[in-house]
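Undergrad: Below: one structure in structure tokens.
The values are calculated or read from the model by the stated rules, or taken from the named source; none is laboratory data. Just so you know, these numbers come straight off a predicted model, no measurement behind them. Reconstructed Cβ throughout: ideal geometry from the backbone, glycine too, with neighbour counts over all protein chains shown. Surface areas here come from the heavy atoms of the whole protein model, side chains and all, with no ligands, DNA or RNA. Shrake-Rupley method; radii C 1.70, N 1.55, O 1.52, S 1.80 Å.
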Amino acid sequence: SGASPTSDPQSLPVLLAMRVWWCLVLLLAAATFALNPSSGTAEPPAEPLTKAEKDALRTQAFNKWMRSWSPINAKLEVTDVPNMGRGLVATVEIAHKEKILAIPMKYILTRETILPDLDRGWQRAVSTMTENDLIITYLLMQRALKRESRFYRWIAVLPKKFSTPVHWGEDVIRQLEMPNDQRRLLGHKQRAQADYRQLSSLWLKRLTPQDLETHYSYGRYLWASAVVSTRAWNMRGRKYLIPVAGMFNHDLDDEDRNFKWQTFSGQRSQKFLTYHFFETSTSRRLNEVPGMDAYAIVLSDRACQPGEQVFESYGDNDNAIYLDYHGFVPQHNPYECVKIYSLQIKGYGNAKFSMDTLPF
């Protein structure tokens, strides 16, 4: 005849253990409810972060990463600046020509740092590229890696959109009232399209058409190209894309404000090389191509108080340079002038005028 399960002496301990376990579960649930009667209802889902909150977290992560490179970098912090995107603000009092940034070579995008990071196939594919195109290619690679990229925290705080004219529609460019400006800007757009066609043909040696469409599209190419044109250092025929160093917003310094065309020598200023250079870990200034132990150094071109935005003069450029490569035109630019030595003006007979005697 069939025996009851409880008639098996060996099954009694198992049943007792199960009953004890369930009792404990019920007691724990009762205690939890007694302490927090609302816990019986499901917790509402957490509110999603706003764009501003996400941006703040990205900025905070970037500042922490930047300061890990050198104690010097603690003098600055990246922050949101009204009508300027992101900028740099002083955390301490800063003197004129004081060191305010030190970026190790391993975080700088240039030929010597990029090529060793590529496999042999990619090294062959990029062997004929200019340094500008090589940096663009590598930047797109790093963006495609997302969180796996060692540059993720930097890419996360870069602008997603740029206002340089190459991003404008042709209909917008044709609204400009100056034909020369129209031709120049339309020429930039045509060259960008041609450069992308040439570059994408090299990329397809290593990419699938789907990769090209997703991570190396024309839109992404324009983004990476704008990052380089608005932020890279051009020094002695070489190009260096340096995190943080390209995040200073422009404003005139004392040299710019005191500029006089009457005393202009005709030579471009070497001011950039005064405030931007490479040095070794022992602070020896370099005039040659920097090695892997080098740091990119930025000096302040003006004194700043804590909490003030740290600006930087972009140099003796005319407005076309600012518009084409930076996407803005300064409110005041002492270098946007035509030098006139003497001229004759209709209605003034044979009188000749110099800069100091113009009748207007």
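Undergrad: Just going by the charge dipole of segment 111-233, with Lys and Arg at +1 and Asp and Glu at -1 on Cβ, which of A224, Q182, V172 is farthest out on the positive end?
TA: Positive-most Cα among the choices belongs to A224.
Undergrad: Can you tell me the dipole magnitude for segment 111-254 around its Cα centre, using point charges on the Cβ only (Lys, Arg +1; Asp, Glu -1), in Debye to the nearest 20?
TA: With Lys and Arg at +1 and Asp and Glu at -1, about 480 debye.
Undergrad: Hey, another quick one. Using a 1.4 angstrom probe on the protein heavy atoms only, line up R197, R284, R220 by accessible area, largest first.
TA: From most exposed to least exposed: R197, R284, R220.
Undergrad: Now, a different point. Which of N132, H96, F151 sits closest to the plus end of the dipole of segment 46-165, meaning its Cα is farthest towards the positive end, when Lys and Arg get +1 and Asp and Glu get -1 on the C-beta?
TA: F151
Undergrad: Further, regarding this structure: With a 1.4 Å probe and every protein chain left in place, tell me how much accessible area M247 has, in Å² to the nearest 10.
TA: Its accessible surface works out to 10 Å², give or take rounding.
Undergrad: Now for a separate question. Please report the net charge: other residues with Cβ closer than 12 Å to the Cβ of H96, K and R +1, D and E -1.
TA: -3
Undergrad: Also, quick follow-up: Taking H as built 1.01 Å from N, whose amide H comes closer than 5 Å to the amide H of V310, not counting residues under 5 places away?
TA: Under 5 Å from the amide H of V310: L88, V89, A90.
Undergrad: May I ask you to order 200-209, 303-312 by the average number of other C-beta atoms within 10 Å around their residues, highest value first?
TA: Highest to lowest by the protection proxy: 303-312, 200-209.
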